[in-house]
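Asks: If you scroll down you'll find the structure; I have some questions about it.
The values are calculated or read from the model by the stated rules, or taken from the named source; none is laboratory data. Model, not experiment: these values are computed from the prediction. Don't worry about glycine lacking a Cβ; one is built from the backbone with ideal geometry, like all the others, and counts go over all protein chains shown. Side chains included, ligands, DNA and RNA excluded: accessible areas come from the protein's heavy atoms. Shrake-Rupley method; radii C 1.70, N 1.55, O 1.52, S 1.80 Å.
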Amino acid sequence: MNYQTDVCIIGAGPGGALLAYLLAKQNISTILIERSDELGKEFRGEHLNEDGEMILKKHHIFEEIESLGLLRMSRVEYWKDGRVFKTIESELGYAGIHVPQQHLLQSINSQASIHPSYKLMLGTKVTELMQNEKGQYTGIKAQQKGRGEIIVESKIIIGADGRYSTVRKLAHIKTNIHNHGYDLLWAKIPAPANWEPSIKFALVKQQQVALFSQAKGFVQIGWNIEKDSYPALRKQSFRPFIQRLIDAFPSLNLSIERFITSWSDFTLLSVQSSISEVWSKHHLLLLGDAAHTMTPTGAFGLNESLKDADLLSDLLHQVFYQNKEISETLRQFEQKRKPKLITLERIQFQREKEFSSHFISS
């Protein structure tokens, strides 16, 4: 089956979904392709900062997300020896917002679906990029569950398919990967009774442990460990290891004892940042994690992908309504956003280097 569209977006995460909605709202025909069978599978970087909140409010999406459920965290706390050592209050009155990805994507998709120029294809895996005799990308081939091969002809292709981007690989775009010296053990447990929503940090064996309150009564745990150390760590006794977490946050004792009983209750996440060498190539553009993967530090990832979509929708309006040249417009997006992401990556390195300084008395 063949389709034709102005813009084909691969990857229905926050950045890809928001861009599809903003383009469809401008009557720019858009097909959004997602490999998974459903929107909103669990995502670990679900925290909005002020920039992300502003963009969602600008496009009248935030209100619906709020009705589905989100959680404002009151402050940032640094814990030492099992008690609060330092507290940072935000001028906004809260330190961050947890937004379940399912709520975010459901809200975007419900508003996008109103527009006839929007089409979502789930269960669809891109297998090939098509090019014309000039080398310009003109569409994609994909396998769609239950239908076999489909072809989507498109004037512009957007790769918004994450850090392991298929589009980036098929376009032979190299990415520069940067090692930050740590991996992450991740877990989610029920919050204790009377748990006040907040972001909490501790220093355990000179490694960062972060707690993020989540909507629906959960606490997300992110525990930094030395890069590639997990195989050796697993050979050690689990009890002394998990006791360090209990000692750092005593109020989590009962929940940890019940829900984190072995190494298998943690998920190992490989941590790295990367900046692709080019973001635009022959009518194809990378967006979000496909172009710039961030570490968890500062919770920038989700918010930067929303900023990508916000800017790109404005630029693509100029392509389809002011006859701006496609390749130049896509390069303009890269020129505007890439230096900012390079700066943010440096900020992440610096924050990680200086983390232990928060636990020194002034």
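Asks: On the given criteria, is residue 301 within 25 Å of residue 326 (Cα to Cα), among the small types (Gly, Ala, Ser) and out of contact with any strand residue (DSSP E or B) (no Cβ under 7 Å at 6 or more places or on another chain)?
Replies: So residue 301 does not fit the description; no.
Asks: Another question, if that's okay. Assuming residue 101 fulfils every condition listed in (1) open to solvent by 30 Å² or more (accessible area, probe 1.4 Å); (2) under 30 Å from residue 147 (Cα atoms) apart from one, which condition is it?
Replies: Of (1) open to solvent by 30 Å² or more (accessible area, probe 1.4 Å); (2) under 30 Å from residue 147 (Cα atoms), only one is false for residue 101: (1).
Asks: What is the residue count in the stretch 225-235 for residues that are closer than 23 Å to residue 180 by Cβ and either more than 29 Å from the chain's Cα centre (by Cα) or of a type in the set (A, V, I, L, M, F, W, C) (or both)?
Replies: Final tally of qualifying residues: 3.
Asks: What are the residues in the stretch 127-148 that are among the polar types (S, T, N, Q) and within 26 Å of the chain's Cα centre (by Cα), if any?
Replies: The answer is 127, 143, 144.
Asks: If a residue counts only when it is open to solvent by 50 Å² or more (accessible area, probe 1.4 Å), which strands (runs of 3 or more DSSP E) contained entirely in the stretch 126-194 have at least 3 such residues?
Replies: Result: 148-159, 175-179.
Asks: Is it true that some residue in the stretch 275-286 is in contact with a helix residue (DSSP H, G or I) (Cβ under 8 Å, 6 or more places away or on another chain), open to solvent by less than 40 Å² (accessible area, probe 1.4 Å) and within 15 Å of residue 178 (Cα to Cα)?
Replies: Yes, that holds for at least one residue.
Asks: Count, please, the residues in the stretch 212-236 that happen to be in a loop (DSSP other than H, G, I, E, B) and out of contact with any Gly (no Cβ under 9 Å at 6 or more places or on another chain).
Replies: Just the residues of the stretch 212-236 that are in a loop (DSSP other than H, G, I, E, B), to begin with: 215-217, 227-229, 235-236.
So of that shortlist, the ones also out of contact with any Gly (no Cβ under 9 Å at 6 or more places or on another chain) come out as 217, 228-229, 235-236.
Result for the stretch 212-236: 5.
Asks: Would you call residue 209 under 19 Å from residue 272 (Cα atoms), open to solvent by less than 10 Å² (accessible area, probe 1.4 Å), free of Cβ contacts under 8 Å to residues at least 60 places away in the same chain and in a strand (DSSP E or B)?
Replies: Details: under 19 Å from residue 272 (Cα atoms): yes; open to solvent by less than 10 Å² (accessible area, probe 1.4 Å): yes; free of Cβ contacts under 8 Å to residues at least 60 places away in the same chain: yes; in a strand (DSSP E or B): yes.
Criteria met by residue 209.
Asks: Are any of the residues in the stretch 139-153 hydrophobic (A, V, I, L, M, F, W, C), farther than 26 Å from residue 302 by Cβ and in contact with a Cys (Cβ under 6 Å, 6 or more places away or on another chain)?
Replies: Yes, the stretch 139-153 has at least one match.
Residue by residue, here is whether (1) crowded, with 21+ Cβ neighbours inside 10 Å; (2) among the β-branched types (Val, Ile, Thr); (3) outside any helix (DSSP H, G or I); (4) in contact with a Phe, Trp or Tyr (Cβ under 6 Å, 6 or more places away or on another chain) holds:
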position	(1), (2), (3), (4)
257	no, no, no, no
304	yes, no, no, no
314	no, no, no, no
318	no, no, no, no
332	no, no, no, no
335	no, no, no, no
351	no, no, no, no
361	no, no, yes, no
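Asks: If only one of 245, 252, 285 is in a strand (DSSP E or B), more than 17 Å from the chain's Cα centre (by Cα) and modelled with pLDDT of 95 or more, which one is it?
Replies: The unique qualifying residue is 285.
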